[in-house]
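Q: Let me give you the structure first, and then I'll get to my questions.
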Amino acid sequence: MTSAVPQAPGMPSPAQLARAAEDAACAKATSRPMASFLLAITAGGYIALAFVFWTTSQVGAQALPWGVAKVLGGIVFSTGIVLVVLTGAELFTSSTLTLTARASGRITWAQLLRNWAVVYAGNVVGALTVVVLVYVGGTWHAADGAWARVVLDTAAGKVGHSAVEAFVLGVLCNLMVCVAVWAAYSGRTTTDKVLALTMPVALFVSAGFEHSVANMFLLPLSLLLRGAAAAELGSAGDHAALTWDAVLVGNLLPVTLGNVVGGGVMIGLMYWTIFRRPDRR
C-alpha cells in the first residue's frame, strides 16, 4: 500500500510524517486564539520581509538570464517560510493542513474555521505592518526608484490574471508550500528543515505561483506606491489596473481559495487518505 523504500536510521517513515503533520494541525486548531493571532502577525511579517528580500534581488536582475533571476528570487524568498517554521509562527497557507485533523475527527468544523479566520487576520496585520514600515522608511526609493518599479510591475502582473488563473496559481503555490512544510517534519536538525523548505518554496516563487499572504504585502504596497512613485517614475498610467477591487476581488479572493485547495486538499487530505484513513478503519 505504501512505499517499501528503506528509511535512513532515525528518519520517520511517510506514515509517521502524516501522523506528525496531523498532530501539529490539531495542536494549532485547539490553541488559544490570541496566541494563534500573535503568532500569525509574526508570520505575516516574515513573509512580507521575504518579499522585501525578493524585490531587492530583482532590482537590476534584467542583466541575468530570465530563469536565473527567477530562481535567485525564489531562493531568497524561502527565507520567510524558513523563519515561519523555525519560530513556530502561524501562516494561513500551511494552516490549511488542519483539514487532516478535521478528517480524523479530532477537531470540529468550528475550530477549523476559527483557526483559519484568526490566522488569516493575523497575517494581514503582520503584512500591513511591514507595508507601513517599508513605505515610511523610504525603502522604495532604493536604486533611484527601481525598487518601487519592481513592486509596481510585479503587482500589475498579479492583478492581470483572470480569476481562474489566479485560483489555479494559488492551488499550485500552496501545493508546494504545504509539501515543503510536510517534508520539514522529517527534519531532525535546523539544517534538515531549512533544506526541506527551501527548494519547494523556490520552485513556486520562481514559477510565478500565487501566495495569498505574500500578496497581502505586495499588493497594498503597490497601491501606496502607485500614487507616490508617479512623480519619480512617471508610471501611474502604466499601473492603472492596480485598484482595491482588483486586489481584493480579482486576486486575494481566488488566490486564497486556491491556496486552500492546493494545501488542504491536494496535500493534507491526499496524504491523510493514503496514510491515516486506513488506521482509522
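Q: Any idea which residue in segment 105-116 is farthest from Leu39 (Cα to Cα), counting only those that are in contact with a helix residue (DSSP H, G or I) (Cβ under 9 Å, 6 or more places away or on another chain) and either part of a loop (DSSP other than H, G, I, E, B) or hydrophobic (A, V, I, L, M, F, W, C) (or both)?
A: Pass one, segment 105-116, residues in contact with a helix residue (DSSP H, G or I) (Cβ under 9 Å, 6 or more places away or on another chain): 105-109, 111-112, 114-116.
Next, from what is left, pick out any that are either part of a loop (DSSP other than H, G, I, E, B) or hydrophobic (A, V, I, L, M, F, W, C) (or both): 105-109, 112, 116.
Working: Gly105: 25, Arg106: 22, Ile107: 20, Thr108: 22, Trp109: 21, Leu112: 16, Trp116: 13 Å.
Ranking the candidates gives Gly105 first.
Q: Can you tell which of Val179, Val171 is under 16 Å from Val84 (Cβ atoms) and either under 17 Å from the mean Cα position of the chain (by Cα) or touching a residue at least 24 places away in the same chain (Cβ under 8 Å) (or both)?
A: Working: Val171 fails: under 16 Å from Val84 (Cβ atoms).
Being under 16 Å from Val84 (Cβ atoms) and either under 17 Å from the mean Cα position of the chain (by Cα) or touching a residue at least 24 places away in the same chain (Cβ under 8 Å) (or both) holds for just one of Val179, Val171, which is Val179.
Q: Shifting gears a bit: Kindly list, by first and then second residue, each pair from a residue in segment 241-263 that is in contact (Cβ under 8 Å) with a residue 12 or more places away in the chain and farther than 21 Å from Val119 by Cβ to a residue that is surrounded by 18 or more Cβ atoms within 10 Å (Cβ to Cβ) and polar (S, T, N, Q), limited to pairs with Cβ atoms under 9 Å and residues at least 6 apart or on different chains.
A: Matching pairs, first to second residue: Leu242/Ser222.
Q: Could you check segment 10-44 and list, in sequence order, the residues that are more than 16 Å from Gly105 (Cα to Cα) and hydroxyl-bearing (Ser, Thr, Tyr)?
A: Those that are more than 16 Å from Gly105 (Cα to Cα) and hydroxyl-bearing (Ser, Thr, Tyr): Ser13, Ser31, Ser36, Thr42.
Q: Follow-up question, since we're still on this one. Does segment 114-140 hold any residues that are under 27 Å from Leu152 (Cβ atoms) and either in contact with a Pro (Cβ under 8 Å, 6 or more places away or on another chain) or free of Cβ contacts under 8 Å to residues at least 24 places away in the same chain (or both), and which are they?
A: Answer for segment 114-140, where residues must be under 27 Å from Leu152 (Cβ atoms) and either in contact with a Pro (Cβ under 8 Å, 6 or more places away or on another chain) or free of Cβ contacts under 8 Å to residues at least 24 places away in the same chain (or both): Ala127, Leu128, Val131, Val132, Leu133, Val136, Gly137, Gly138.
Q: If you don't mind, there's one more thing I want to ask. Could you please find all residues in segment 160-196 being surrounded by fewer than 21 Cβ atoms within 10 Å (Cβ to Cβ), aliphatic (A, V, I, L, M) and under 24 Å from Thr56 (Cβ atoms)?
A: Val194, Leu195, listed by residue number.
Q: Can you find even one residue in segment 69-85 that is farther than 24 Å from Ala40 by Cβ and not in a helix (DSSP H, G or I)?
A: As a first pass, look at segment 69-85 and keep what is farther than 24 Å from Ala40 by Cβ: 69-73, 75.
Those still in the list that are not in a helix (DSSP H, G or I) too: none.
No, segment 69-85 contains no residue that is farther than 24 Å from Ala40 by Cβ and not in a helix (DSSP H, G or I).
Q: Related question: Residues in segment 20-36: is at least one part of a loop (DSSP other than H, G, I, E, B), modelled with pLDDT under 95, among the small types (Gly, Ala, Ser) and within 16 Å of Ser186 (Cα to Cα)?
A: Looking through segment 20-36, none of the residues is part of a loop (DSSP other than H, G, I, E, B), modelled with pLDDT under 95, among the small types (Gly, Ala, Ser) and within 16 Å of Ser186 (Cα to Cα).
Q: Looking at segment 117-145 only, could you name the residues that are part of a helix (DSSP H, G or I), within 28 Å of Ala69 (Cβ to Cβ) and either among the aromatic types (Phe, Trp, Tyr) or out of contact with any helix residue (DSSP H, G or I) (no Cβ under 9 Å at 6 or more places or on another chain) (or both)?
A: Within segment 117-145, Tyr135, Trp140 meet the criteria.
Q: Related question: Considering only segment 89-102, I want to know if a residue exists there that is over 17 Å from Val213 (Cα atoms), at pLDDT 95 or above and not in a helix (DSSP H, G or I). Reasoning before the result, please.
A: As a first pass, look at segment 89-102 and keep what is over 17 Å from Val213 (Cα atoms): 98-102.
Now drop any that are not at pLDDT 95 or above, which leaves 98-102.
Subset that is not in a helix (DSSP H, G or I): none.
Within segment 89-102 (the criterion being over 17 Å from Val213 (Cα atoms), at pLDDT 95 or above and not in a helix (DSSP H, G or I)), the answer is no, since none of the residues qualifies.
Q: Just name the residue that is farthest from the chain's Cα centre (by Cα) out of those in segment 20-35 that are of a type outside the set (Asp, Glu) and surrounded by 18 or more Cβ atoms within 10 Å (Cβ to Cβ). Show your work before the answer.
A: First, the residues of segment 20-35 that are of a type outside the set (Asp, Glu): 20-21, 24-35.
Okay, now just the ones that are also surrounded by 18 or more Cβ atoms within 10 Å (Cβ to Cβ), so 21, 24-26, 28-29.
Values: Ala21: 18, Ala24: 18, Ala25: 17, Cys26: 20, Lys28: 17, Ala29: 19 Å.
Ranking the qualifying residues of segment 20-35, first place goes to Cys26.
Q: Give Ala236, Ala240 a once-over and let me know the one that is in contact with a Gly (Cβ under 8 Å, 6 or more places away or on another chain), surrounded by fewer than 23 Cβ atoms within 10 Å (Cβ to Cβ), at pLDDT below 95 and of a type outside the set (Ser, Thr, Tyr). Full working, then the answer.
A: Details: Ala240 fails: in contact with a Gly (Cβ under 8 Å, 6 or more places away or on another chain).
Exactly one of Ala236, Ala240 is in contact with a Gly (Cβ under 8 Å, 6 or more places away or on another chain), surrounded by fewer than 23 Cβ atoms within 10 Å (Cβ to Cβ), at pLDDT below 95 and of a type outside the set (Ser, Thr, Tyr), namely Ala236.
The values are calculated or read from the model by the stated rules, or taken from the named source; none is laboratory data. Remember, predicted model here, so these are calculated numbers, not experimental data. Here the Cβ is made from the backbone with ideal geometry for all residues, glycine too, and neighbour counts use every protein chain on show.
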